[in-house]
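For reference, the structure is listed below as structure tokens.
Any read-out appearing in this document is the output of simple, stated calculations on the displayed coordinates, not a laboratory observation. Bear in mind the structure is a predicted one, so any value in this text is a computation, not a measurement. Glycine also receives a Cβ, built like all others from the backbone with ideal geometry; neighbour counts cover every protein chain displayed.
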Amino acid sequence: MSSAVYDTLILSDLHLGSEISRAEQATRMLRENRFRRLILLGDIFSDLNFGRLTKPHWKFLGYIRKLSNPKRGIEVVWVEGNHDRGLSNVMSHLVGVRVYEEYEWTFEGRRHLAIHGHQFDRFAVNNLLLSGLGTLVHLQLQKLDFQGKAFSRFLDRLNARWLRLPAKVASGAILHARMRQADRVFCGHTHKAECRERDGIAYYNSGSWTDFPPTYLTIDSGGVRNHEYHEQAEGREPAPIDSTGAEAADESGFLEEAEYESVG
């Protein structure tokens, strides 16, 4: 478990309900880190069909509910993604956290802005039905894919490159941050972890938990760092991509999925 305590840990694009979701690893990562604030930066779900959720998916949600207990002193924030639409009220009840379209906070005199990023993807915004159909097709392809789901993950990366998502989302997010007078802006959506800076505004993307290696962001006095998550021996630090983390949960067990089956 990491001994470092981060101000904020950010993860996005877990896509619970998808067969390529790495929910078990995400839960383990949260347990291995210590943080004061957790931001779930959108597309935590793949779609509105809770019947697709597996036991590791329910355990992740159970763990988020544990972290959101006021006694822990951890602020848990859910920023809505395009795949999360329609789940805001359910999620508030399910895991006890508020859901935002975008979230702002200040740390060490800098204004931070978290927004999923689909708002800067014109194809997703202007083609809601087509995007929804694409999601359903992709979910079905995952069922037919080989063990490891390499083809499904390849299609996911190919789609992002074809739509030029990383560049579009970064450009739109930086412009939006300038309008909101933010110093740093954080997005997901593209499934590509990266950082850019333009006109004094720093842009960070938290990547995804559907490909390998999954990635997440941390913020502390040392700056913003993008980490790759690898299976690790207890006591080892998570490996950073470009430079280092977040608050661990306790050692108690998870809420089982049966506790949520009555939630519509």
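What the table shows:
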quantity	calculated
Computed label-point distance, nm, for sites ARG122 and GLU101 using a 7 Å Cα→Cβ extension	2.1 nm
Under 5 Å, built H, 5+ apart or other chain: amide partners of VAL76	LEU38
Long-range amide H partners of ALA193 with built H, under 5 Å	GLY207, SER208
Exposure proxy order (Cβ contacts within 10 Å, fewest to most) of TYR229, TYR103	TYR103, TYR229
THR54, THR8, THR190 arranged by Cβ crowding within 10 Å, fewest neighbours leading	THR54, THR8, THR190
